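No value in this document is a laboratory result; all are computed from the given coordinates. All values reported here derive from a predicted model rather than from experimental measurement. Here the Cβ is made from the backbone with ideal geometry for all residues, glycine too, and neighbour counts use every protein chain on show.
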Ligand code: FES
């Protein structure tokens, strides 16, 4: 059984860091349109839970705090939080492993990435959290980084151009408390072709015309 507690807190209050972020966010909207801040404020709440509990999720009391701040009915916030996949409405592990299995990633080996995640994290099925509470595994649709498929998103970072062994190595590093550099894992620079640039190889000089 996972060590992640499934207890819903009975109280939530924005901390000082969150209050600073909320002030910045709400300054972007006219006061009568502040309900538009629902998504960013839910992120603020989720990030605060991560800071305070180690698990990035949004309990109902935090949704209520967002509703109160935006002066909308709580149901308006529940609707948003339960519609978007990026909000976790129950506790998750310290690291959220999100494997893209849509077409580009699937063609480039997402099955191997998914298997490696299960093996290295000790998870049997998608949606589960590892017994040590470190990892929750999710399968997601296209993350919009197809040029570097296959992609594993860890929390907010993309680890790209993965294969099975590199995925296992990444998860083992996370277990050791290390956090490898996000981005391509095969030596590639950005989304350039493997092996380097194939066009625009000559220096064009600094002048125009
Ligand atoms: S298909 Fe995986 S990022 Fe697009």
The residues 39, 200, sorted from fewest to most surrounding Cβ atoms within 10 Å, come out as 200, 39
Given contacts defined as C-alpha pairs under 8 Å and at least six residues apart, what's the relative contact order of the chain, whole-number percent? 16
Assign one of three labels to region 16-83, namely rounded, prolate or oblate, based on the Cα gyration tensor with a ≥ b ≥ c the square roots of its eigenvalues; rounded applies when a/c is under 1.5, prolate when it is not and a/b is larger than b/c, and oblate otherwise. oblate
Beta bridges per DSSP with both ends in region 95-183, % antiparallel, nearest 5: 50
Once you keep just the Cα pairs under 8 angstrom separated by 6 or more residues, what percentage relative contact order results for region 95-183? 35
Cα gyration tensor of the chain, axes a ≥ b ≥ c as square roots of the eigenvalues: rounded (a/c below 1.5), prolate (a/b > b/c) or oblate? oblate
Assertion target for 97, 41, ordered by fewest C-beta neighbours within 10 angstrom first, is 41, 97
The rounded separation in angstrom of the Cα centers of region 1-64 and region 117-190 is 25
Between helix 38-53 and the chain: long-axis angle, C-alpha atoms, 0 to 90°, nearest 10: 90
Degrees, to the nearest 10: 110-121 long Cα axis against longest axis of the chain: 60
Per the rule of 0.36 nm per residue minus the C-alpha distance, extending residue 173 to residue 76 adds in nm 30.9 nm
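Stretch residue 64-residue 47 to full length: gain in nm at 0.36 nm per residue minus the Cα-Cα span?
On the way: separation 17, 0.36 × 17 = 6.12 nm, distance 1.58 nm.
Length difference between fully extended and current span is 4.5 nm.
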Starting from the Cα of residue 33, step 7 Å along the direction of its Cβ; do the same at residue 192; then give the gap between the two resulting points in nm. 4.2
With 10 angstrom as the radius, rank 113, 154 by how many other C-beta atoms surround their C-beta, starting from the fewest. 154, 113
Along Cα→Cβ, 7 Å out, is where each label goes; now give me the distance between the ones at residue 16 and residue 115 in nm to one decimal. 5.1
Given the -39500 (n - 2.57) contribution per DSSP H run of 4+ residues, what per-residue ellipticity at 222 nm results for the chain, rounded to the nearest 500 deg cm²/dmol? -11000 deg cm²/dmol
Looking at the square roots a ≥ b ≥ c of the eigenvalues of the Cα gyration tensor of region 1-122, which shape do they give, rounded for a/c under 1.5, prolate if a/b is larger than b/c, or oblate? prolate
Between residue 199 and residue 155, what is the FRET efficiency for a Förster distance of 25 Å, r being their Cβ-Cβ separation, to the nearest 0.05? 0.10
